[in-house]
Protein chains: 2
Amino acid sequence: MPSMHTDKAFEADLRDLREKLLAMGAKVETLIVQSMKALTDRDSALAEKVVAADKDVNRLEVDIDELCRKILALRQPAASDLRLITTALKIVTDLERIGDLAVNIAERSMDLNQAPPLAPYVDTPRLAELAQRQVRMSLDAFVSGDVAKAEEVLRGDDLLDALFLKIFNELLAYMMEDSRNIRRATALMFIAKHLERIGDHALNVAEMVVYMVRGKDIRHPQSRNLAE
Amino acid sequence: MPSMHTDKAFEADLRDLREKLLAMGAKVETLIVQSMKALTDRDSALAEKVVAADKDVNRLEVDIDELCRKILALRQPAASDLRLITTALKIVTDLERIGDLAVNIAERSMDLNQAPPLAPYVDTPRLAELAQRQVRMSLDAFVSGDVAKAEEVLRGDDLLDALFLKIFNELLAYMMEDSRNIRRATALMFIAKHLERIGDHALNVAEMVVYMVRGKDIRHPQSRNLAE
C-alpha cells in the first residue's frame, strides 16, 4: 500500500470532508437552537423556518456521501484512512437524523403555540443545551480524532438521561393533576424524548470516534436505557 | 478498473455480506415479534430475553462493518459495487437501531406487565406486524436489488403513520377519561412511537436501495411527518 498521507490530493479531499461535516454539524446545531426558541418564544414563524431548512441538511448528507464514495473510489484508502471514511459515512446519517428530530421539535412547537403555555419550560431548554453541546463535542472529537473528548461525550449522556427522566415525571404529574394538561404535556414529552434522542446520536458518533482512533469497537457496552 | 464481477473471491465476499445482513434482519424481526409477545402475553421473561439478545445484534453490526471494510480494502470496488458496500454500511446501522427499539419496547412491556392491562392491544400488534413486514421487504429489496419492492416499502409507510395516529388518539382519550390510565397510556404511546420509528428505518433502507440501483438519490422527498 502506498502511504496515502503523502498524497496532497488525498489530504485535500480529507480536509474537504472534515469541513463539510463541520458545516453540517453547525447547521443541525442551529436547527436545535431555533426549534427550541420556537417553543420558548412561541415563535411559529421560526418553527416553519426550521422545517424548511431541513432540506439543506439533507442536501449536505447527499454531498458528503458522494464525497466519501469519491475518496474511496479514487484514493483507495487503507487502514486508519479507510476507517475515517467509513466512519464519516455513518456519522453523516446521525447528523441527518438530528436534523429530522429538530424538525419534529419545531412541528410540536407549532402545535403547542396554538394553546396557552403549560408551564415555564425551564428544564427542557436546559436539556436542549446539553444535547447541542454533546453534538458539537462529538463532531469536534471526530474531526480532531480526539478520544478524550469522545469519552467526555460518553460520560455526559447520563446527565441527559437523568434530566429527561425528571422532565418526564414532572409532565406526568401535570397530566394527573388536570386532564386539560394532557395534550400539551404529551407534546412536551415527545419534545423531551427527541432531545434525549439527539443526545443518543451524539453518543453514537462518540463511540465511533473511539473505534476509529483505537481500532477497537467499544460500541454497545450496554443496552441504551429508556428513562421511565 | 478491472471488472470486479469476474473475481470469484469478490463474489464470495458479496454473498457473505448479503447472508450476514439477512441473518441480522431475521434477528431483529424476531426481536420485534418477541417484544410484542412480551406485551400481549404479559410475558416479562420473554421481554428479558429480548433485552439480553440485543448484544447478538450488536455483534452482527460490528462483524458486518468489518466485512465491508475488508471488501473495500482488498477488492477496491468501483461504481455500483462501491455503492453496494457503502449502502450496506448504512443499512447495518438502521438494523442495529431497530434492535434497540425492540429492546425499548421490551423494557416498556416489563413496566406495563406490573399493572392490569389498560385495554385490548388490538391496533398495536397490527402496527408491529406492519413495521416488521416493512423491515423484511426493505432488506429483501436490498439483497436482490429490487427497486419495485423498495418502492412498495415507500408507499407502505403512510399506512403505519395513519395507524400510529389512530393509536395515539385512542390513548389520549383513555388518559382524559381517567387519570389512573395516564401512566400506562403513556408507556403504550412510546411503544407505538417505537414501532412507527422501526417503520422509518425500513423507509430509510428502501430509499437507499432505490439510490443504490438507480444511482439517483430519492432520499428526503419531504420532511418526515410526525403524527399528532
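The set of residues in the range A:15-55 that are in contact with a helix residue (DSSP H, G or I) (Cβ under 6 Å, 6 or more places away or on another chain), within 11 Å of another protein chain (Cβ to nearest Cβ) and charged (D, E, K, R) contains only A:Asp54.
Confirm whether B:Val28 is open to solvent by less than 30 Å² (accessible area, probe 1.4 Å), in contact with an Asp or Glu (Cβ under 9 Å, 6 or more places away or on another chain) and either over 22 Å from B:Ala206 (Cβ atoms) or at pLDDT below 95 (or both). No, not satisfied. Residues of the range B:72-84 being at the interface with another protein chain (Cβ under 8 Å from one of its Cβ atoms) and outside any helix (DSSP H, G or I), which ones? If the condition is that a residue be at the interface with another protein chain (Cβ under 8 Å from one of its Cβ atoms) and outside any helix (DSSP H, G or I), then B:Gln76, B:Ala78 are the ones that fit.
For the range B:106-118, state whether one or more residues are at negative phi and within 12 Å of the chain's Cα centre (by Cα). Reasoning before the result, please.
First, the residues of the range B:106-118 that are at negative phi: B:106-118.
Narrowing the set further to residues that are within 12 Å of the chain's Cα centre (by Cα) leaves none.
Looking through the range B:106-118, none of the residues is at negative phi and within 12 Å of the chain's Cα centre (by Cα).
Taking the condition polar (S, T, N, Q), touching a residue at least 24 places away in the same chain (Cβ under 8 Å) and farther than 14 Å from A:Met212 by Cβ, does A:Gln114 pass? Working first, answer last.
Numbers: polar (S, T, N, Q): yes; touching a residue at least 24 places away in the same chain (Cβ under 8 Å): no; farther than 14 Å from A:Met212 by Cβ: yes.
No; evaluated as a whole, the condition is false for this residue.
Residue-wise test of (1) under 19 Å from A:Asp41 (Cα atoms); (2) crowded, with 20+ Cβ neighbours inside 10 Å.
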{"residue": "A:Arg59", "(1), (2)": "no, no"}
{"residue": "A:Ala73", "(1), (2)": "no, no"}
{"residue": "A:Thr86", "(1), (2)": "no, yes"}
{"residue": "A:Ile98", "(1), (2)": "no, yes"}
{"residue": "A:Ile105", "(1), (2)": "yes, yes"}
{"residue": "A:Ser109", "(1), (2)": "yes, yes"}
{"residue": "A:Ala119", "(1), (2)": "yes, no"}
{"residue": "A:Arg126", "(1), (2)": "yes, no"}
{"residue": "A:Val143", "(1), (2)": "no, no"}
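Here is a yes/no grid of residues against (1) facing another protein chain (nearest Cβ under 10 Å); (2) touching a residue at least 12 places away in the same chain (Cβ under 8 Å):
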{"site": "A:Arg155", "(1), (2)": "no, no"}
{"site": "A:Leu160", "(1), (2)": "no, yes"}
{"site": "A:Lys166", "(1), (2)": "no, yes"}
{"site": "A:Asp178", "(1), (2)": "yes, no"}
{"site": "A:Leu195", "(1), (2)": "no, yes"}
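Got a sec? Which of A:Arg69, A:Arg108, A:Arg133 is more than 10 Å from chain B (Cβ to nearest Cβ) and either not in a helix (DSSP H, G or I) or not hydrophobic (A, V, I, L, M, F, W, C) (or both)? Criteria check complete, one pass: A:Arg133.
The values are calculated or read from the model by the stated rules, or taken from the named source; none is laboratory data. Everything numeric here is computed off the predicted structure, so don't read it as measured data. Note that we place each Cβ from the backbone using ideal geometry, even for glycine, and neighbour counts take in every protein chain shown. Note: areas computed on protein heavy atoms with side chains; ligands, DNA, RNA excluded. Shrake-Rupley method; radii C 1.70, N 1.55, O 1.52, S 1.80 Å.
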